[in-house]
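Asks: Provided herewith is a single structure, encoded as structure tokens, for subsequent inquiry.
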């Protein structure tokens, strides 16, 4: 199946899976809901709109650099004249207006993602990512991605993750390069299998709903020549983009 290759890199990313208002978690890899949110933002899909157009997409994530988990101690609403909005749309009174939250982020993480789907949908997504309606973001609107975001449109993006897309990594002598892959569904060769509540049915501000999906995490060996550092990495990444454009 043909698809897209995306590179998700930024100073901060956050991929929540079971967040509540005052405690915002982040998984160590992009969620399906976060990836659909990125694409929906680029396409200008409003929060109350149907997400059916994203059902046929399949995501495979290569963890290039896991990053460092950090927690932001955050306050909301101190001094606001109308108080802080509640999830149901009402307002907190001023005497209880300040809300303390703790928000998890991944600092300095990098992921490469294969997006597989029907040809027409891929055409629409390429156009949206090249000329986004709204700013794409990595899990939260405060986390815009580095460029380049869209690397290529190819016949088999998963094979490209395994054999062609450069990886920013320094290798020791005789070290065998590996990377973790997160794939949808349960596989026999998985190192770990998890169930995540990250399939969005609605992004409505007051009625967010998610379904469960199963993902498998596997460790795969990569060609040694994919690993580069510094200017050599960027040269090889540009060569890859130009070769597949």
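Where a number appears in this text, it was derived from the coordinates with a stated rule and is not lab data. Keep in mind that this is a model prediction, so the values were computed, not measured. FYI the Cβ positions are ideal-geometry reconstructions off the backbone, even for glycines, and counts take in every protein chain you see.
Asks: Just to check, using Stokes-Einstein with a Kirkwood Rh over alpha carbon pairs, what's the diffusion coefficient of the stretch 146-245 at 25 °C and 0.890 mPa s in µm²/s?
Replies: The estimated diffusion coefficient comes to 152 µm²/s.
Asks: Using only Cα atoms, locate the centre of the stretch 184-238 and the centre of the stretch 95-141, then give the distance between them in Å, rounded to an integer.
Replies: Comparing the Cα centres of the stretch 184-238 and the stretch 95-141, I get a distance of 14 Å.
Asks: So what is the calculated 222 nm ellipticity per residue for the chain, using -39500 (n - 2.57) for each DSSP H run with n of 4 or more, over all residues, to the nearest 500 deg cm²/dmol?
Replies: Mean residue ellipticity at 222 nm (helix-derived): -6000 deg cm²/dmol.
Asks: Still on this structure: Relative to the longest principal axis of the C-alpha atoms of the chain, give the angle of the C-alpha long axis of helix 32-43, reported between 0 and 90° and rounded to the nearest 10°.
Replies: Around 90 degrees separate the two axes.
Asks: Further, regarding this structure: Rg and Dmax of the chain, using alpha carbons, in Å: what are they?
Replies: Just the Cα atoms of the chain yield Rg and Dmax of 19.2, 63 Å.
Asks: Given a Förster distance of 25 Å, report the FRET efficiency between residue 189 and residue 224 from their Cβ-Cβ distance, rounded to the nearest 0.05.
Replies: E between residue 189 and residue 224, to the nearest 0.05, is 0.70.
Asks: Also, quick follow-up: Roughly what would the spin-label model give for residue 91 and residue 65, points 7 Å off Cα along C-beta, in nm?
Replies: Reported label-point gap for residue 91 and residue 65 is 4.4 nm.
Asks: Let me ask something else about it. So what's the gap between the Cα centers of the stretch 1-69 and the stretch 148-168, to the nearest angstrom?
Replies: 17 Å
Asks: At 7 Å along the Cα-to-beta-carbon direction for both residue 206 and residue 173, put a label point, then send me their distance in nm to one decimal.
Replies: Result: 6.7 nm between the two label points.
Asks: Same structure, new question: What length, rounded to one decimal in nm, is gained on full extension from residue 17 through to residue 98, with 0.36 nm per residue of separation minus their alpha-carbon distance?
Replies: My answer for the length gained is 26.7 nm.
Asks: To test your reading of the geometry: what angle, between 0 and 90 degrees and rounded to tens, separates the Cα axis of helix 119-130 from the longest principal axis of the chain?
Replies: That helix lies at roughly 70 degrees to the long axis.
Asks: Can you tell me the FRET efficiency between residue 131 and residue 72 if r is taken as the Cβ-Cβ distance and R0 is 30 Å, rounded to the nearest 0.05?
Replies: 0.40
Asks: Taking the beta-carbon count within 10 Å as an exposure proxy, list 15, 134 from fewest neighbours to most.
Replies: With the fewest neighbours first, 15, 134 line up as 134, 15.
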